[in-house]
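Peer 1: Shown below is the structure under consideration.
The values are calculated or read from the model by the stated rules, or taken from the named source; none is laboratory data. As the structure is a prediction and not an experimental result, all values here were calculated from the model. Cβ: placed from backbone, ideal geometry, glycine included. Neighbour counts: every protein chain shown.
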């Protein structure tokens with residue numbers, strides 16, 4: 001009976017150790033950060049859909065208690081070890097639809113056509 005208890009205890013401890021070892025960080029509400037800051041995911045992430053690798057702004061946000069207080073692109077790049085100027089996040093521009101052009105009918109210049117003379121009729125012959 002004692003060996004069964006020891007085996008069960010070993011399995012339980014092994015399972016607990018593996019769970020702790022391979023457990024990832026708890027998921028956080030990243031879309032909530034986007035909504036809180038009123039920024040698109042691409043503002044902080046390399047991937048346009050968000051998640052994954054962060055850019056300089058994302059690293060600043062992570063390293064400064066989830067805040068953009070004091071943030072400038074130059075400071076963030078310097079802190080991240082980048083010596084490049086940041087590329088601005090493209091904001092979609094409203095499409096301007098051109099106004100329809102008024103249709104104008106151009107009249108073709110025509111030369112006056114001389115009236116054709118009717119062909120003369122052959123003289124009538126009498127049958128007799």
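Peer 1: Which residue, of 3, 91, is at pLDDT below 75, loosely packed, with under 12 Cβ neighbours inside 10 Å and not in a helix (DSSP H, G or I)? Let's see the steps before the verdict.
Peer 2: Numbers: 3 fails: not in a helix (DSSP H, G or I).
Checking each option against the conditions leaves just 91.
Peer 1: Please specify each residue of region 42-60 satisfying the condition of being under 12 Å from the mean Cα position of the chain (by Cα) and over 16 Å from residue 88 (Cβ atoms).
Peer 2: Result: 47, 49, 50.
Peer 1: Residues in region 31-46: is at least one in a loop (DSSP other than H, G, I, E, B), out of contact with any strand residue (DSSP E or B) (no Cβ under 7 Å at 6 or more places or on another chain), surrounded by fewer than 11 Cβ atoms within 10 Å (Cβ to Cβ) and modelled with pLDDT under 75?
Peer 2: No; the residues of region 31-46 include none that is in a loop (DSSP other than H, G, I, E, B), out of contact with any strand residue (DSSP E or B) (no Cβ under 7 Å at 6 or more places or on another chain), surrounded by fewer than 11 Cβ atoms within 10 Å (Cβ to Cβ) and modelled with pLDDT under 75.
Peer 1: Test each condition in (1) in a helix (DSSP H, G or I); (2) at pLDDT 70 or above for residue 49 and report the one that comes out false.
Peer 2: (1)
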